[in-house]
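Comments concern the structure below.
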Amino acid sequence: MSKNRAKFILFITALLIGIPASLIGFLMLNSFIAAFNSGADPASIFRGHRLILPTEDQAQWMSTDAAGTQPNQNTLENLISAYWFGWEALARAYQTGDSANLPTYWAGAALDQVQAAGPSSSMSFVHNRHRLYLRFLSEDMTVAVMDDVGFHFQYSSIQQGVEFTLSANATLVLTLDNGFWRIREYTIDLMR
Amino acid sequence: MTWMRRFILLSIVLLCVVLSARAQTSTPSPSIVLDAPDTIGAGEAWSLYVNLTSGEAGMSIPIVLLNGLSQTMQTVITGTGGIARWDIPAGMTTQSGRSMIIARYGDVEVRRTIRVRAGQAAQADLLTTTNSMTAYGDSRAMLIGLIRDAYGNPMDLRGRDNEALLDIRFPNGDKRALPLTSEIGLAWAWVDSLGGPGRVRVQFSLDQATAAIEIQQMPGTARTVTLTLSPPCILNDGRDLLRLTTDSVDEHGNSVVDGTLVGFTLGTGEGYASTTDGRAVLTIPPPAMIGLYRLVAWSGDAASVPVWLQVTDETCS
């Protein structure tokens with residue numbers, strides 16, 4: 001076998017191994033990044049957190065005259081955004097049956113209660129018209145108590161053939177954990 | 001008279017016809033009556049009675065119980081007299097607030113609310129807005145208690161002001177029982193510092209819930225800086241080192257907080273050291289030129305009395 005032929009065979013062998021290896025490596029890297037983007041805590045650095053404010057019909061501050069200390073605009077926006085997305089996470093958990101996203105917006109006793117409620121994909125959950133009254137904000141703006149008065153929500157299940165619409169009042173305690181507001185305690189008064 | 005009798009008889013007959021027709025066409029749709037206690041404690045067992053007013057037995061009635069964000073569906077079958085009972089076991093209706101029962105039968109939907117009150121305080125988190133505050137009453141911290149029952153329901157402490165107290169022990173041994181301002185699910189209070197530096201121990205206890213936290217009372221900023229020099233006279237042979245020592249205390253004579261930066265000025269040069277137990281030490285080679293050098297130490301706005309260093313090529317007396 002000539003030297004050139006040996007080089008050519010080595011080149012072809014390297015090509016045959018190298019191309020699939022590169023392809024597999026690229027696909028693995030791609031799925032690794034995709035896993036972070038889809039499965040990671042939305043507040044994590046891998047996903048980032050964009051401040052998205054709900055529309056007035058979805059949620060709106062009615063009063064921000066709080067005991068403790070007065071909020072600034074930044075705190076109000078972060079609070080209402082996190083609160084809205086807390087309910088959205090619950091709605092998604094009902095829609096998909098996957099409650100992995102709940103700890104991003106719910107914490108402590110509230111998270112335990114929401115998870116114990118067992119959102120399942122057999123029901124859909126829709127909510128809107130959150131009218132918020134800030135009652136207390138701690139001096140360092142890390143603990144807040146607010147009322148949500150007369151919000152509407154709807155459970156429906158095609159499988160079970162039920163659908164009911166309710167309005168409710170809620171009192172909630174939110175805490176700022178690692179730069180992200182989470183619902184820590186709640187009490188809900190359902191109304192006829 | 002005959003006409004009168006005929007008219008009355010005809011009227012009676014017509015009335016009977018109308019009444020019987022109405023009775024046949026409007027078969028009353030049965031309504032449902034839900035009988036449940038107005039208030040229960042979180043997690044308690046209770047019973048719901050469903051009464052079908054038509055009295056029909058063997059009818060299926062789907063019921064939804066909405067408790068906070070949890071929902072339970074159950075179908076009951078009426079027994080004798082159109083009555084059905086649903087026994088809700090302990091540990092099922094755990095979320096406090098106003099819960100809803102919805103029953104449906106045909107086109108009829110009946111809703112009833114039931115109040116679930118939180119149980120006794122079983123869990124508490126004590127938070128503070130600052131881990132340290134300046135002593136002597138110069139600053140304050142906000143303390144926040146998150147108090148819950150065994151099921152994680154926030155407690156409404158309004159009306160229990162005499163029970164929901166913070167027991168505070170200051171570094172000098174003083175004790176205070178501080179009342180809390182109550183919101184639903186949260187109680188809070190301002191705590192002013194008292195006495196000198198040290199640890200402030202805060203305890204909260206209500207029913208079975210207890211929580212404790214510590215806040216550090218820190219000394220104030222340096223008010224007096226005392227500079228000592230060792231040795232005050234030194235030969236310029238380059239063999240010895242100069243040791244500058246400062247003791248920094250606040251306006252109450254307590255050592256400043258560890259890590260306070262102290263600056264030293266020697267002629268046109270400067271050096272820095274940080275304190276431990278109020279003391280900062282800087283060891284430097286002395287100036288090579290003979291002469292009398294002025295040394296000053298300072299921390300914040302406080303400066304020491306100048307001390308003088310003698311550098312000589314002869315013997316120090």
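The values are calculated or read from the model by the stated rules, or taken from the named source; none is laboratory data. Source: prediction; values computed, not measured. Ideal geometry is used to build each Cβ from the backbone, glycine not excepted, and the neighbour counts take in all protein chains shown.
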>> For region B:110-138, give me the residue count where each residue is assigned to a strand (DSSP E or B) and more than 29 Å from A:Arg192 (Cα to Cα).
In response: 9
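Given the structure, is A:Asp65 among the acidic types (Asp, Glu), over 21 Å from A:Ile188 (Cα atoms) and modelled with pLDDT of 85 or more? It would help to see each step written out before you state the result.
Numbers: among the acidic types (Asp, Glu): yes; over 21 Å from A:Ile188 (Cα atoms): yes; modelled with pLDDT of 85 or more: yes.
Against the criterion (among the acidic types (Asp, Glu), over 21 Å from A:Ile188 (Cα atoms) and modelled with pLDDT of 85 or more), A:Asp65 qualifies.
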> Which condition breaks for A:Ala116 when tested against (1) crowded, with 17+ Cβ neighbours inside 10 Å; (2) within 12 Å of chain B (Cβ to nearest Cβ)?
Replying inline: (1)
> Restricting the search to region A:105-152, which residues are of a type in the set (S, T, N, Q) and under 16 Å from the mean Cα position of the chain (by Cα)?
Replying inline: A:Gln115
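Of the residues B:Ser47, B:Ser29, only one is small (Gly, Ala, Ser), surrounded by fewer than 20 Cβ atoms within 10 Å (Cβ to Cβ) and at pLDDT 90 or above; which?
None of the other options fit; the residue is B:Ser47.
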> Just wondering, is there one or more residues in region A:33-55 that are loosely packed, with under 10 Cβ neighbours inside 10 Å and either modelled with pLDDT of 90 or more or under 30 Å from B:Ala189 (Cβ atoms) (or both)?
Replying inline: yes
> Do you know which residues across region B:139-153 are facing chain A (nearest Cβ under 9 Å), surrounded by 22 or more Cβ atoms within 10 Å (Cβ to Cβ) and part of a strand (DSSP E or B)?
Replying inline: B:Ala141, B:Ile144, B:Leu146, B:Arg148
